[in-house]
Each structure stands twice: as C-alpha cells, then as structure tokens.
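Asker: Encoded as structure tokens, here's the structure I'll be asking about.
Readers should treat all values here as calculations from the given coordinates under stated rules, not as data from a laboratory. These numbers come from a predicted model, not from an experiment. Note that each Cβ is placed from the backbone with ideal geometry, even for glycine, and that neighbours are counted across all protein chains shown.
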Amino acid sequence: MPVTSTIGLGEVLKKNRESLLADWSRDLAGALSRQKDLIRDSELKGQCADFLDQLIRATQSGEVANIQGPHWAGIRDLLNKISASRAVQGFTPTETATFVFSFKKPLFGRLKQEFGQDVEGLFRETWSASLLLDELGIYTTDVYQKSRENVINRQQREMMELSTPVIKLFDKVLALPLIGTLDSARTQTVMESLLKEIVASGSEIAILDITGVPTVDTVVAQHLIKTVTAARLMGAECIISGIRPQIAQTIVHLGINLSDIVTKATLADAFEIALEKTGFSVVQARPEE
Amino acid sequence: MERIPILRMGDFLLVTIQVDMHDRLAMTLQEDLTRKIAETGARGVMIDISALEIVDSFIGRMMSHISSMARVLDAKTVVVGMQPAVAITLVELGLSLKGVHTALTVEKGVRYLEDAAGARGRGRTNGRHPK
C-alpha cells in the first residue's frame, strides 16, 4: 500500500530529526570544505534545519511522487532561495546540487535502522526517498541555472547601456566611439542614440570611431553602412575613423564597398576633416620652441 | 480630394508634408509637383517631412522618384527634417535614397538650394535669382 509507505518516510524523518541534522551538516561541511570562505557554518546549518523541517511537513502530507504539488510549495521556495544565493555566491552547479544529494547517506542509514529485517519495506522506502531527493536535487540545478541566466541578462543590459555614448566634440560635430562587437541589437541602439543626438544638437557631422571594434566582417560592415546611411538621410554626414591596417585588409578581402563613405585612419584625421567641412581650421597659436 | 499644398518661394518650391501619406496622395503630389516645376521654372524643391512619422517602401521610392524627376526638369531636390525613426525604417527597408540630398533643418535646406542655384546661375543676368 503506497499510503502507509509514505507516512513511514515522514515518521522516520520526524523521529530522527536531530541525529539526521547532525550527520547531514557534518557530511555537507566536509563536502564543501573548499568553499569554506563562501558560506558560514552557521548559515549552512540553518539551511539544513529549514530544509529538514520543510521536508518533514511535506512528506507528512502523504504526497511524495509530485514535488510540484501544493504541499511542496514551502520546500520549493526554500530551494529557490538557497540556489539563487548559491549562484550569486559563486558555487558551481555540482556544489549546489550536493546540498540535497548529500542528505541521502544519513537518511538511508536511518531507514536501515528503522526497518531492520523488513527488507521489502526498506527497499520501498529507500527507493521512494531516493526518487524524491533526486527530483529535489535536479530542481535546485534548474533554479541555479535560471538565476545564472538572470545574472547574464542583467550584465548584457548593463553592457548595452555602457557601450553607446555619443560625444559632442565640437560645435556641430559628434563622435561615437564604438567598443566591442557590433551585433544587430547593438547597432539598433547605436543608431537610435546617434540619430536622436543629431536632431537634438543639430550636428552636421558624425564620426564613427571603430578603434575598439575587434573584427569587422560582412555583418558588422553592413551594420556600419546602415548607420551611416540613416545619418545621411537625416542630413548629417558620417566619417568612419579608427580603421586599423588589419581591418582595412579584411574589408578589401571581403569585397565590402565603403567607397561612398569617408574613412580615416585615426580619429584625429577625421576630426580635422570635420572641422574643415564645418568651416573651421586649427592654427598653432604659439610657435614651437 | 485632399492635396498637399506646394508653396512657391522665389526660385524654389516648398512642400510640407503634414499628414500621413497614402499611396494616392503620393501619386497626386508627384504629378502636381512636376507640373509646378515646369510651370514656374523652379530651380529647387524642398520637401519638409519633419511631421511625417510613418513611411513604407512606396513613399520611400516616391521620394527618390520625385528627386529624379526634378533633376530631369533641372531642379535640385532637398529632403529636410527626417525623423530618426523614419530614417531607420528606410534603411531597414533597404532604401538609401541615393541621389537625394538631405538636410537637418529647413534653414540648412534653403542654404543648400541657394548654393546649388547660385553656383549654376552665376552667369545669368536677368536678376531673377537673388544675390
């Protein structure tokens, strides 16, 4: 009968709570000895106690097969919290899952004591407990993965915000230092902020500096051309500067046609052209000594 | 039927698009404008699209057609005041409007037309062109 068996697990847990907790936290501290500096012993012990209490409460409900059920909400919340904090603290997924899996050894030991000669009962309980802990362990990994993805997404967003400053160099001259690889999403942001700034400042010339762009392939070149074309449609002229020799070679080898666009090797050269076009020139005020 | 007004300013024609363009309207504008250029002998056309917020490929092509037609009739065309969103849309549609001159503001557009007309009409003596 499945009903009696599940109640059995709950009772075993309840009866042996203290000794289980002691064994488990000792094992866990041993397994995580490398991470001593990441988490305090007291904190770890607290998490173990919480987990055990929630597990007792959940198993007493009698529903062991499905950890998505309502009785398991408490333990899921707890694991969510633990996994998320582990991900931030810098634990590996293995170490995070070990938190749950390491509970098997003390639990199976207690089950053996409780059932003694009842081999069939022992096997049944061990099997269902093992399934349950496996599910909980995998659940931890899932949550860990998700919180890691959140971290990555956040960083990506932050990078996006960081990487597109539009600088006013001079009256009616804007500069846009591009750093990192240009993908479609970034080009879109770059284009939008550049065009907005052109309107706001009434600039006639924009310098796109690609010194910080590591490689230029056909896609990146296409994005650059798009940006230049859009700026031209608005009535501003674009100069591309910071083209390194290797990049010049790649551009020619790939057969990219930049002949409609003014290109310069350095930002300084581009700035000079920009000044010339807006009707200014740089003159040395004092003769060199 | 609604029409887009074409204003005459000296040697130039000024078209201000203030409503959303639909295809029929665009065709009418194209006809009206070419007729007006021929009638007045205008030297330049300025199309102000600062109020235009939506474009499609048809309107984009119409702009470059108008520019080409005006060139055949010996008038320069300048498109002024394009919104960033419109510029991005046109680029994404693959319309780079090659051969269409653009300017950021009406003021700059006028200066361009004057320069272009001045450079060409310097030899003329009938005094029709200011300065």
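Asker: Provide a whole-number value for the mean count of partner chain Cβ atoms within 10 Å of the Cβ atoms in peptide B:87-98.
Answerer: Mean shielding by partner chains, rounded to a whole number: 5.
Asker: Looking only at the stretch A:179-195, which residues have a backbone nitrogen under 19 Å from a spot 7 Å from the Cα of B:E92 in the C-beta direction?
Answerer: A:182-195
Asker: For chain A, what is the calculated [θ] at 222 nm in deg cm²/dmol (nearest 500), taking -39500 (n - 2.57) for each run of four or more DSSP H residues and dividing by its residue count?
Answerer: -21500 deg cm²/dmol
Asker: Using Cα positions and a limit of under 25 Å, work out the lysines in reach of A:K196, with same-chain residues fewer than 8 apart set aside.
Answerer: A:K168, A:K172, A:K226, A:K264, A:K277, B:K98, B:K108
Asker: Would you kindly give the portion of the calculated P(r) for the protein assembly as shown that falls above 31 Å, as a percent of all Cα pairs?
Answerer: Value for the protein assembly as shown: 61 percent of Cα pairs lie more than 31 Å apart.
Asker: Residue separation times 0.36 nm, minus the C-alpha to C-alpha distance between A:T218 and A:L38: what's the value?
Answerer: 60.3 nm
Asker: At 7 Å along the Cα-to-beta-carbon direction for both B:L73 and B:M27, put a label point, then send me their distance in nm to one decimal.
Answerer: If labels sit at B:L73 and B:M27, their model points lie 1.8 nm apart.
Asker: Using the basic label-point model (7 angstrom from Cα toward the beta carbon), what is the A:R148 to B:A38 distance in nanometres?
Answerer: 7.2 nm
Asker: Let me ask another. Report the extension gain between A:S193 and A:Q89 in nm, rounded to one decimal, defined as 0.36 nm multiplied by the number of residues separating them, less their alpha carbon distance.
Answerer: 33.9 nm
Asker: Loop by DSSP (not H, G, I, E, B), at most 13 other beta-carbon atoms within 10 Å: where is the longest site-free stretch of chain B for GluC sites (Glu not before Pro)?
Answerer: B:54-131
Asker: Taking 0.36 nm per residue of sequence separation and subtracting the Cα-Cα distance, how much length would be gained by fully extending the chain between A:W127 and A:A265, in nm to one decimal?
Answerer: 42.7 nm
Asker: Could you tell me the center-to-center distance, by alpha carbons, between the stretch B:1-36 and the stretch A:189-268 in angstrom?
Answerer: Taking the Cα centre of each part, the stretch B:1-36 and the stretch A:189-268 sit 34 Å apart.
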